[in-house]
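Have a look at the structure below, then the notes.
Every number here is computed from the coordinates shown, using simple stated rules; none is lab data. Predicted, not measured: the structure shown is a model, and the values here were computed from it. As a convention, Cβ positions derive from the backbone with ideal geometry for all residues, glycine included, and neighbour counts pool all protein chains shown.
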Amino acid sequence: MTRSRVPFATLLTGLTDPDSQVRLQAIRNIMRRRSELAQAYPALLTLLNDSDDQVCKAAIKALGTLNDPHVFSALIPLLTHQSPDLRLLVLKTLAQLDYSQTIPYWFAARGDWSEFVRRAAYKAMNDTRAVEPLILMLNDTHIPCREYIARELGVLGDARAVKPLIAALGDTNTSVRYSAAEALGKLGDAQAIDPLITALDETDHSVRSYAISALSELGSARAVEPLIPLLNDENADVRRNVAKALGQLGDGRAIPPLRTLLTDPVGLVADQARQALARLKKTVEAIS
């Protein structure tokens, strides 16, 4: 004898049952009726505030299967829920609904008190789908946010970030500017060479140092002549970084000016000059 199909309206009544196990089973039964699931939307929304976390989680999963743009905004308040498991489920469900729109929330979750939520947040950010949303966030008013994003774009290694990072070299904040320089070095795009050469004139020595390192990573001979004057920079770290960069670039034009650095009063700078000269000597001999 064939069992009759339970009317969907009957299943919906289970969502308001006083017993949490009945509510949970009702969600499971409704999930099996995918073609009718949209009818449960209003009732599922009310279960987002259920006193039983398991019921709430089941409602989140059910709502996540609906192609309804209102679900995204309905889930946002749960990002402050006391349960880390539930917060993470919300983040994953949001990402399932709209990955790009979820990036700011993943970004905020890096500061979550739960370690496994933080780990998931960092992992989510390390995805090329995050590039475009992160680029937009380079204009955030929060300085640590812009600094982190500049670095993260360098790690992601996507060429779409080159022009926005070049623009970030003009940021009002020093840490954002040197983070942008560092990222451009990692991206390795020749479009960054001239802007980084311009950054060698920065008043802040940290920005100059990161620009030097980035130019070294880019490996262009165009950087050699602009770098040489910085061997006389007032900052020892800058002089040391220039010596290292010139050694890595392997251009013989740097040999005479590097020799003047052998008597630098800072031992680490003089040592780096010696290493650079030794490296250049091998390079020049190999070429000749």
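Some observations on this one:
- Across region 171-177, rounded Karplus estimates of 3J(HN,Hα) from the backbone phi angles (6.51 cos²θ - 1.76 cosθ + 1.60, θ = phi - 60°) give 4, 6, 9, 4, 5, 5, 5 Hz, Gly and Pro being marked x.
- Take 246-252, 63-69 and order them by the average number of nearby Cβ atoms within 10 Å per residue, most first; the result is 246-252, 63-69.
- Sorted fewest first by neighbouring Cβ atoms within 10 angstrom, GLU132, GLU115, GLU202 come out as GLU115, GLU132, GLU202.
- Measuring nothing but how far apart in sequence close Cα pairs (under 8 Å, 6+ apart) lie, relative to its length, region 58-183 scores a relative contact order of 16 percent.
- Extension gain from ALA74 to THR10, taking 0.36 nm per residue of separation minus the Cα-Cα distance: 20.5 nm
- Greater than 26 Å apart at Cα, pairs in LYS123/LYS186; LYS123/LYS244; LYS57/LYS123: LYS123/LYS244
- Here the Karplus relation 6.51 cos²θ - 1.76 cosθ + 1.60, evaluated at θ = phi - 60°, turns the backbone of region 7-24 into coupling constants of x, 4, 4, 5, 5, 5, 5, x, 5, 10, 5, x, 8, 4, 5, 5, 4, 5 Hz, with x for every Gly and Pro.
- This model, with +1 at the C-beta of Lys and Arg and -1 at the C-beta of Asp and Glu, gives the chain a dipole about its Cα centre of some 1000 debye.
- Sorted by Cβ neighbour density within 10 Å, fewest at the top, the residues VAL176, VAL224: VAL224, VAL176
- The ranking of MET137, MET31 by Cβ neighbour count inside 10 Å, starting from the fewest, reads MET31, MET137.
- Measuring r between the beta carbons of TYR41 and THR141 and using R0 = 41 Å, the FRET efficiency lands at 0.70.
- The mean sequence distance of close C-alpha pairs (under 8 Å, at least 6 residues apart), as a share of the length of region 7-66, puts its relative contact order at 31 percent.
- Each residue, ASP271 and TYR122, gets one label point 7 Å from its Cα in the Cβ direction; the gap between the two is 3.0 nm.
- Relative contact order %, the chain, counting alpha carbon pairs below 8 Å whose residues are six or more apart: 8 percent
- Helix-only [θ]222 nm of the chain, DSSP H runs n ≥ 4, -39500 (n - 2.57) each, per residue, nearest 500: -19000 deg cm²/dmol
- Cα gyration tensor shape of region 7-66, rounded if a/c is under 1.5, else prolate or oblate by comparing a/b with b/c: oblate
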